Amino acid sequence: RGTMKSLRFISAEAFVSNAEFARKSLSSVAHNLFPLLFKASYLLEQGEVIHDLVENWPLVDFNMGKLLGTTVDYQEDLSHRTCSVCLESCLTGLRDYVLNRASPYVKRLKVVDLTGMKDVEVQFCECKKTMGRWGRTKLLSKLCLELLVYLQQTECNPGASEISIDVLIDLFVTERNYELVVQALLKKCYCPLKICCMAFRSDNLALQKFFFIIKLTDPSLLRKLEIVHNVRLEMEHLEILFNSIHFPLLTSLTLPARTFNVRRFTATDERMLTNIGEKMGEMTQLTELSMSFSILTGRLQKLLSPLKTPLKMLDVSNCSLNRADMAYLANSFHANHLEALDLSGHNLPDLYPSIFFKLLSHSSSVLRSLTLEDCNIQDTHVTMLILGLSPCQKLQEFKFLGNPLSSQALKHLFTFLCELPKLKNVEFPVPRDCYPIGTTYPVDDASLCRFDHQKYESVAKELNLILLQANREDVKASTPLFGSYDAIVQETNNELGAYLIKTFKETLEKFTTSLNKMG
């Protein structure tokens, strides 16, 4: 796709394109050429060659992000290609590396790093079949357990049990792959492939199971913790988690919706919140915090002031923040370091416009991503918004879906957005004049798609023309009605859907039982 290849890379492609020949010839290939051949094989989706390259890997480390990233011989970054054929070949090759009867002194591999893979919406691989984070978690766990069975049952190379390879991976655990991952982690000390969890995400998991597995991951190594959909973690559970487990290297924390609800706070809850803030303060590496859809009114300072490191990313969308919360944030030491900020679901122009723009001013020199969805930004606020965004010269992403803006106001805003040099991605709302008169905001799910699609397409073309005329073809502008693409949710949406139906069914049954009792 227009990326220059060196003669070395072209030669490597020619070599691996004949899989049978390449596999026979690997033993005579210089060790320093293995990384080059791996990237060429990955580009051409030569699964068998990838398998054999990994099975015979002659180097001390195997880092997927570096191997597939920009290299001198071929600058295109392939780390976003989570091609199922390639990744399965890679991981089975790793298992067979351990089982291969080659003499032990040849086996130098100590670290395998799988964390550099990036899950994206559009795949360029030929097979179009991806293996996301959940799939990689499941397959690696399965292979580790298979390996233990092989080592017990067969008289393979006695040196195999002496091999110890740290496999760095970002785990993603749900109810469906939980048992498999738990078994692999419990037997980690016996397996030559040692799962090292660098980031952990759990969705759709009973709280008891979450507490059990998180202890098995070795939390002292954890960099990122995401507790997201259908994990019923509330404030008292979070306090137990932080009191019982230390996360010294944690840089990023995502908490599920409704973790906090200050509307029903008691004096005990206040003490609990203070303790949680202090425990987060002990996480000296923490720079990213997401706690959307909690009710935090008037308590943001209590949570964030103990932090010793300034936050670079903060998501407090739909957290019912009040003027005091916003004033704390604007004046805190976090403001000058915020690279990504999500304040969606707050009525910014009406409740605290001056404080919001003060916050924007303080973060303008570093801000890269700003999300202001459902913030009641109207036509009369656009000039003010433009003034606030003008200093944000590093802004790469601006999302403002769900705001009642007219076509005319959007054109005015887009003319300004063309002037932001780093801007790459804009998510804009369906214009207010495309909806029927009388539509109220925020627009409910039932009415979301009931707009004049023809008129919307016409406005979208005009907005893209504004970008085109300003030579800003590099900016992608879109209206994802149901939110941005999430590769992780996409991969497990069947399980998530089944869980939601089950929960709905249980609620109906309880309701019916209550009615019967009343009758």
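The values are calculated or read from the model by the stated rules, or taken from the named source; none is laboratory data. The structure displayed is predicted, hence computed values, not measured ones. For neighbour counting, all protein chains shown are included, and Cβ atoms are generated from backbone atoms with ideal geometry for every residue, glycine included. Remember, those area values only see protein heavy atoms, side chains included, never the ligands or the DNA or RNA. Shrake-Rupley method; radii C 1.70, N 1.55, O 1.52, S 1.80 Å.
Comparison of G135, G116 shows that the only residue that is in a helix (DSSP H, G or I), within 20 Å of the chain's Cα centre (by Cα) and not aliphatic (A, V, I, L, M) is G135. Across region 456-473, not a single residue is classified as of a type in the set (S, T, Y), touching a residue at least 12 places away in the same chain (Cβ under 8 Å) and assigned to a loop (DSSP other than H, G, I, E, B).
Quick grid of which residues meet (1) touching a helix residue (DSSP H, G or I) at 6+ places or on another chain (Cβ under 9 Å); (2) within 22 Å of L343 (Cβ to Cβ):
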position: Q378; (1), (2): yes, yes
position: Q396; (1), (2): no, yes
position: P442; (1), (2): no, yes
position: C449; (1), (2): no, no
position: H453; (1), (2): yes, no
position: S458; (1), (2): yes, no
position: E462; (1), (2): yes, no
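One residue is enough: does region 204-223 have a residue meeting the conditions of a type in the set (V, I, T), modelled with pLDDT of 95 or more, under 24 Å from K142 (Cα atoms) and assigned to a loop (DSSP other than H, G, I, E, B)? Looking through region 204-223, at least one residue is of a type in the set (V, I, T), modelled with pLDDT of 95 or more, under 24 Å from K142 (Cα atoms) and assigned to a loop (DSSP other than H, G, I, E, B).
Condition check ((1) free of Cβ contacts under 8 Å to residues at least 40 places away in the same chain; (2) open to solvent by less than 10 Å² (accessible area, probe 1.4 Å); (3) hydrophobic (A, V, I, L, M, F, W, C)) across all residues:
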site: L186; (1), (2), (3): yes, no, yes
site: C197; (1), (2), (3): yes, yes, yes
site: N204; (1), (2), (3): no, no, no
site: I214; (1), (2), (3): yes, yes, yes
site: D218; (1), (2), (3): yes, no, no
site: I227; (1), (2), (3): yes, yes, yes
site: R232; (1), (2), (3): yes, no, no
site: I245; (1), (2), (3): yes, no, yes
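Only residues that are open to solvent by 20 Å² or more (accessible area, probe 1.4 Å), more than 14 Å from K358 (Cα to Cα) and not β-branched (V, I, T) were counted in region 370-398, giving 10. As for region 6-19, it holds at least one residue that is in a helix (DSSP H, G or I), touching a residue at least 60 places away in the same chain (Cβ under 8 Å), touching a Phe, Trp or Tyr at 6+ places or on another chain (Cβ under 7 Å) and over 15 Å from Y97 (Cβ atoms). As a summary of the residue check, Q75 satisfies the conditions (1) under 29 Å from the mean Cα position of the chain (by Cα); (2) surrounded by 16 or more Cβ atoms within 10 Å (Cβ to Cβ) except for the one numbered (2).
Can you tell me which residue is nearest to the chain's Cα centre (by Cα) among those in region 318-351 that are assigned to a helix (DSSP H, G or I) and of a type in the set (A, V, I, L, M)?
It comes out as A335.
Scanning region 466-476 turns up at least one residue that is in contact with a Leu (Cβ under 6 Å, 6 or more places away or on another chain) and among the hydrophobic types (A, V, I, L, M, F, W, C). Among the residues of region 117-163, those identified as β-branched (V, I, T), at pLDDT 85 or above and open to solvent by 20 Å² or more (accessible area, probe 1.4 Å) are T130, V149, I163. The one condition from (1) more than 30 Å from L99 (Cβ to Cβ); (2) exposed (fewer than 14 other Cβ atoms within 10 Å of the Cβ); (3) more than 22 Å from the chain's Cα centre (by Cα) that G281 does not meet is (2).
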